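Everything on this sheet refers to the single structure shown next.
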Amino acid sequence: MSSARRAAVIVNPVKVEGDEFRRIVEVALSERGFGEPLWLETTEDDAGVTMARRAVEEQVDLVLVAGGDGTVRVVCAELARTAVPVAVLPGGTGNLLARNLGISLELEVALTELLDGSQQRIDSVLVKGDQLPEDRFVVMAGLGLDAAIIEDAPDDLKKRVGWAAYVVSTLKNLNHPFVRVEITVDDQPPVRRRARTVVIGNVGTLQANIPLLPDATPDDGTIDAVVLAPRRITHWPRLALGLVIRSWRERHVERFTGQRIQIRADRPVRRQLDGDAITSGANLVAEVDPSALVVRVP
């Protein structure tokens, strides 16, 4: 008798309601011939590293991950280069990877889409910097204003109103100070800019379907960067239109594409990886690791 396929489910218990979630996932898995899943909960001290490693050791056929963008990032970082496929279930406020892979934000729909879907290889991005051990991200990393927005979005508001909490935080931070940055793409000469924020992305769409990096796709072997540099508060509405309307040439938005993108700021500023604030610093170096991660897609 052949043994049933086995899945591991890695859950951030802070972001995902327990029993009902568990029941829905177990039913969906058993309907498709999976055996009893391996349930692994993240902790305050471990956002998913040990759990993902255990899933790999147990040689599971599939890892389902549910939590915030941070949980998803950590699990995907561990699963990169292992060939173990990961299915991203909507669980947090942002759900940015799920959104960019076209996965439904309704749990039962997402399970059907992913378990009956197909596999795709996407890029993972290696990242390092000052005060930052080498890590990986799958969505976006940034410094300046976007990190301030993420750090200042109140958790209780995120629970109540979802991504709109980031809008509140954005309005509070519109006058975020400029930072002077030097951006180096691959072997090209560095360019210097005054920016409010610089974001490096593997995928391009933010909450509310705002195409921050419209040319970024997760499987193209490149990463993209965007520099937002409105001079005054009054430039923000134009800039927002420049993000939403592809054909709009907006001088306060500048984009770059390459395989390795380095940003050096003239002073330590706030930074973020996939929607989680990390230690402040002056450098971020991101390098694409092509096709490193196997994901389930609808």
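List of remarks:
- Of the residues SER124, SER280, the one with the largest accessible area comes first in the ranking SER280, SER124, computed with a 1.4 Å probe on protein heavy atoms.
- Across ARG32, ARG22, ARG73, the residue with the most accessible area heads the list, and the full order at a 1.4 Å probe is ARG22, ARG32, ARG73.
- Cα centre as origin, Lys/Arg/Asp/Glu Cβ charges: the stretch 1-148 dipole, Debye: 420 debye
- Taking only Cα atoms of the stretch 10-127, radius of gyration then Dmax in Å: 13.1, 39
- Carbon plus sulfur fraction of accessible area for the stretch 38-142, probe 1.4 Å, in percent: 42 percent
- Each Cα pair under 8 Å and six or more residues apart adds its separation to the average, and for the stretch 78-134 the resulting relative contact order is 24 percent.
- In the context of the full protein assembly, THR217 retains an accessible surface of approximately 60 Å², using a probe radius of 1.4 Å and ignoring ligands and nucleic acids.
- Karplus 3J(HN,Hα) series, Hz, for the stretch 256-263 with 6.51 cos²θ - 1.76 cosθ + 1.60 (x for Gly, Pro): 9, 9, x, 9, 9, 10, 10, 10
- Rolling a 1.4 Å probe over the protein heavy atoms leaves VAL297 with an accessible area of roughly 10 Å².
- Cα point-scatterer Debye curve for the stretch 34-89, base-10 log of I(q)/I(0) at q = 0.16, 0.24 Å⁻¹: -0.41, -0.95
- Length-normalised contact order for the stretch 1-154 - Cα pairs under 8 Å, 6+ apart - percent: 21 percent
- Looking at the stretch 247-298, the accessible area is 45 square angstrom per residue; that uses a 1.4 Å probe and ignores ligands, DNA and RNA.
- Cut-off under 5 Å, modelled amide H: who pairs with GLU41 long-range: VAL11
- Cβ-Cβ FRET estimate between GLU182 and THR257, R0 fixed at 25 Å, reported to 0.05: 0.90
The values are calculated or read from the model by the stated rules, or taken from the named source; none is laboratory data. For clarity, every value in this text was computed on a predicted model and none was experimentally measured. Don't worry about glycine lacking a Cβ; one is built from the backbone with ideal geometry, like all the others, and counts go over all protein chains shown. Just so you know, the surface numbers come from the protein's heavy atoms only, side chains and all, with ligands and any DNA or RNA stripped out. Shrake-Rupley method; radii C 1.70, N 1.55, O 1.52, S 1.80 Å.
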